[in-house]
Amino acid sequence: MSYDLVIKGGEVVSSSGSFKADVAIVHEKIAAVGLELEGRHTVDAAGKLVLPGALDVHTHFQLPFCGTVSADDFFTGSRAAAMGGVTTFIDFAIQSRPASVMQTIEARKAEADPRVCVDYSLHAGITDWNEDRVAEMPDIFAAGIPTFKMFMIYKSEGWQSTDADIYCAVREADRYGGMVGLHAENDDLINLFQAEAEQEGRRGMYVHALTRPPVTETEAISRAIQIAEAAGGALYIFHMSTGRAADILKEARARGVDVQAETCPQYLLLDDQLFKRPDGPHFGTCPPIRKPWDQQRLWERLEDGTVEVVSTDTCTFNSQQKKMWQGDYRKTPFGMPGIETMLPLTYTKGVVEGRLDLGQMVAILSENPARVFGMWPRKGTISPGSDADIVIFDPRLEVTISHRHLATNCDYSPFEGMVCKGWPTTTMVRGRIVVENRQFVGEAGYGRFIERHPVRSPRA
Ligand code: URP
Ligand code: ZN
């Protein structure tokens, strides 16, 4: 049989290991994985790794936030995704009252659809839990969105939910096989610590870390786990930053609580001393970057499977935006770019430096996010019948990260100067090459909204 396209001679990687094979594609799908396959077109992958496209389940493109709008829109953000080997991302439709969640989803899709160059989905962000949300839940699931986000902070953005809201949402989502994800920080304690710092005249970006010590995350995550356990539904923790929280997660999972979590490259690789530099605001994100001990423990909990997903929380603000608010650490637009560097950094700092094996990396970046978020086996695997979302990764390329060569719309990278031992050279989304020899050849509007299935068995 002759296929449309065959990727020849590469090392195909899955969570269970790697093997030499060709990958054959017909139209948008993987048709076969085997030896000596022939196609009308071929792509040579000799000496390279052939990876399932990575999924980034946490992005905020063109997000109105902190008095500005994040600088990567759905085009530049998804172009950066493609360049970094990410073939599917999940952004957020954060309910903007008085709009309903469904109205917000429609509006967000209208923004994304003409701009995206890789596939995408949305989490439904709930900002006012009430009977209207209960009533529209079936519609949200019918629209292919089984995951929700709620915030334990960000009162000033109008996003904060109470513990009771979270309890009810977890319980209600569970009826349909859904899952609530949380931004878990303790707002009261942060407010107290910030007020104390203000009284003492302490300012500057390092105070961001000092006023959000680990307890502000660990308490919120412990509370959220107990709330979800009592409500009897599934919980996901976004952007886990502390080693102690990862230990709390391990203990909760061991006693059978249905809770999963992600961490991000900034928490694995950066530490809070960076806040003391003149460009400290570039690293301002919530929760803050932590200490080397936290990094080490997060790597350990990735390695032992407690933390199942690495995502980026990409929320790009350029250096001009970071200077808004006269450097007030309480208002600095929170977030940073990262989607483009997630895969090469995880490969280098994880696999090359011996913290993960290749199979674990593919689990964490592709298979687990696809399973956890209701896209498996369509996404996240190189298997017959799956979407042909494939990355050819050259482990011999040495690339020093600089914003100058990145496609993200940002004038710095938080990972500037880090040396990556390997980089994606070709990215394919549903059989179409969108990056070739590290050049973007994709197209705005090619990406498709992916309808996801429930992530648990529905109870309703
Ligand atoms: O600082 C962050 N993380 N900004 C993006 C919004 C969020 O909290 O996820
Ligand atoms: Zn968040």
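The values are calculated or read from the model by the stated rules, or taken from the named source; none is laboratory data. Since the structure is predicted, the reported quantities are computational estimates derived from the model, not experimental observations. Because the Cβ atoms are built from the backbone with ideal geometry, glycine has one as well, and the counts that use them run over all protein chains shown. For the accessible areas, the whole protein counts, side chains as well, though only heavy atoms, and no ligand, DNA or RNA atoms are used. Shrake-Rupley method; radii C 1.70, N 1.55, O 1.52, S 1.80 Å.
Overview of values
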read-out	value
Selected residue (criterion: modelled with the lowest pLDDT) from residues of region 314-327 that are assigned to a loop (DSSP other than H, G, I, E, B) and open to solvent by 10 Å² or more (accessible area, probe 1.4 Å)	Lys323
Qualifying residue in region 89-100 (condition: small (Gly, Ala, Ser), modelled with pLDDT of 95 or more, over 26 Å from His282 (Cα atoms) and surrounded by fewer than 24 Cβ atoms within 10 Å (Cβ to Cβ))	yes
Restricting region 391-442 to residues that are assigned to a loop (DSSP other than H, G, I, E, B) and aliphatic (A, V, I, L, M), the residue that is surrounded by the fewest Cβ atoms within 10 Å (Cβ to Cβ)	Val441
Some residue of region 291-308 being within 12 Å of ligand 1 (Cβ to nearest atom), in contact (Cβ under 8 Å) with a residue 60 or more places away in the chain, within 26 Å of Ala80 (Cα to Cα) and buried (at least 21 other Cβ atoms within 10 Å of the Cβ)	no
Helices (runs of 4 or more DSSP H) wholly inside region 202-270 that include at least 1 residues being surrounded by fewer than 24 Cβ atoms within 10 Å (Cβ to Cβ) and without any contact (Cβ under 8 Å) to a residue 60 or more places away in the chain	206-210, 214-231, 243-254
Count of residues meeting criterion [touching a Lys or Arg at 6+ places or on another chain (Cβ under 6 Å) and either assigned to a helix (DSSP H, G or I) or surrounded by fewer than 23 Cβ atoms within 10 Å (Cβ to Cβ) (or both)] in region 370-384	1
Test: residue in region 326-339 that is among the small types (Gly, Ala, Ser) and away from ligand 2 (no atom under 16 Å from the Cβ)	yes
Of the criteria (1) within 14 Å of Val207 (Cα to Cα); (2) more than 16 Å from ligand 2 (Cβ to nearest atom); (3) touching a helix residue (DSSP H, G or I) at 6+ places or on another chain (Cβ under 9 Å); (4) not aliphatic (A, V, I, L, M), which one Pro278 fails	(3)
Test: residue in region 109-123 that is over 30 Å from Ser319 (Cα atoms) and either out of contact with any Lys or Arg (no Cβ under 6 Å at 6 or more places or on another chain) or not in a helix (DSSP H, G or I) (or both)	no
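Each row is one residue, and each column tells you yes or no for (1) in contact with a helix residue (DSSP H, G or I) (Cβ under 7 Å, 6 or more places away or on another chain); (2) under 22 Å from Phe89 (Cα atoms); (3) away from ligand 2 (no atom under 16 Å from the Cβ); (4) in a strand (DSSP E or B).
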| position | (1), (2), (3), (4) |
| --- | --- |
| Phe19 | no, no, yes, yes |
| Asp22 | no, no, yes, yes |
| Ile30 | no, yes, yes, yes |
| Gly47 | no, no, yes, no |
| Gln62 | yes, yes, yes, no |
